[in-house]
Amino acid sequence: MLHLHNVQSGYGVGQVLFGVSLAVSAGKVVSLMGRNGMGKTTTIRTIMGQLPLTAGRIERFGDDRPDRLPFQIARAGIGLVPEGRQIFSNLNVTENLQTFYQPPRDDSASHWHYDRVLALFPRLAERRDHAGNHLSGGEQQMLAIGRALMTNPKLLILDEATEGLAPIIRNQIWDCLATLKAEGQSILIIDKNVRAMARLADHHYILDKGRVVWDGDSETLLGTDGLTARYLGV
Ligand SMILES: Nc1ncnc2c1ncn2[C@@H]1O[C@H](COP(=O)(O)OP(=O)(O)O)[C@@H](O)[C@H]1O
Ligand SMILES: [Mg+2]
């Protein structure tokens, strides 16, 4: 699905990523962890073509052309739930969802459409006529996830999946992600809850100052003394 090879990137002269390699295969859930400011969002922006690659290579669904634009990358099948959600505040729930609809790219894929997203998030169905800026943080995050699903993504990326949400809403998001995984959805996820990430993800990468300093499975993540304390501060 996605393969980063020694990716370097940053903002103008401020280099942030110093050779990030990671992979997400079909049907897998992969986590990207690290303390604030370590380069997680920068990695996502580079994957999405919002920041230029200064060195290295990114393969998206087997295509490693370096000149892909954000809309081409989204259209190729990457659905993003961005940090801070970024929903359209002046559009209502229905409009936010329908604006993003793209049919699946192949017949075998499960088909996300408006009714199915509302069935996944009944709360959004109740709020369908409300404008984006009249939604709670949890409702906005559900809308951001629903909007990404409306693009029928081959790969779903969530940057800070549960940041700033009440515990009960967080649990709903984790349950929803477990459901998506069970349906075979490939996911790359960023979040600070190590336990929940260990339950959900098949493989984890830890970023520290723009470098991948560790990667491995959930058992090793939780079983390695000092690992999460050193790199995640937990
Ligand atoms: N728009 C920007 N312009 C310049 N520097 C930025 C910008 N966004 C983030 N940075 C810097 O890039 C580094 C990594 O940030 P970021 O990728 O957002 O980290 P994370 O998502 O892991 O918290 C930080 O040092 C941050 O200050
Ligand atoms: Mg971030």
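Of the helices (runs of 4 or more DSSP H) lying entirely inside segment 134-234, the ones with 3 or more residues being of a type in the set (A, V, I, L, M, F, W, C) are found at 137-149, 167-182, 194-200, 227-232. Determine whether segment 196-205 contains at least one residue that is within 19 Å of residue 46 (Cα to Cα), within 16 Å of ligand 1 (Cβ to nearest atom) and open to solvent by 30 Å² or more (accessible area, probe 1.4 Å). The answer is no; no qualifying residue exists. Of the set (1) among the small types (Gly, Ala, Ser); (2) within 16 Å of ligand 1 (Cβ to nearest atom); (3) modelled with pLDDT of 95 or more, all apply to residue 84 but (3).
Output the residues belonging to segment 169-184 that are in contact (Cβ under 8 Å) with a residue 40 or more places away in the chain and in contact with a helix residue (DSSP H, G or I) (Cβ under 9 Å, 6 or more places away or on another chain). Selection gives 176, 177, 179, 181. Residues that are among the hydrophobic types (A, V, I, L, M, F, W, C) and assigned to a helix (DSSP H, G or I) were ranked within segment 116-133; the one that is most open to solvent (accessible area, probe 1.4 Å) is 119.
Would a scan of segment 20-35 turn up a residue that is hydrophobic (A, V, I, L, M, F, W, C) and modelled with pLDDT under 95? Within segment 20-35 (the criterion being hydrophobic (A, V, I, L, M, F, W, C) and modelled with pLDDT under 95), the answer is no, since none of the residues qualifies.
The values are calculated or read from the model by the stated rules, or taken from the named source; none is laboratory data. As the structure is a computational prediction, the values presented were derived from the model and not from experiment. Don't worry about glycine lacking a Cβ; one is built from the backbone with ideal geometry, like all the others, and counts go over all protein chains shown. Heavy atoms of the whole protein, side chains included, go into the accessibility calculation; ligands, DNA and RNA do not. Shrake-Rupley method; radii C 1.70, N 1.55, O 1.52, S 1.80 Å.
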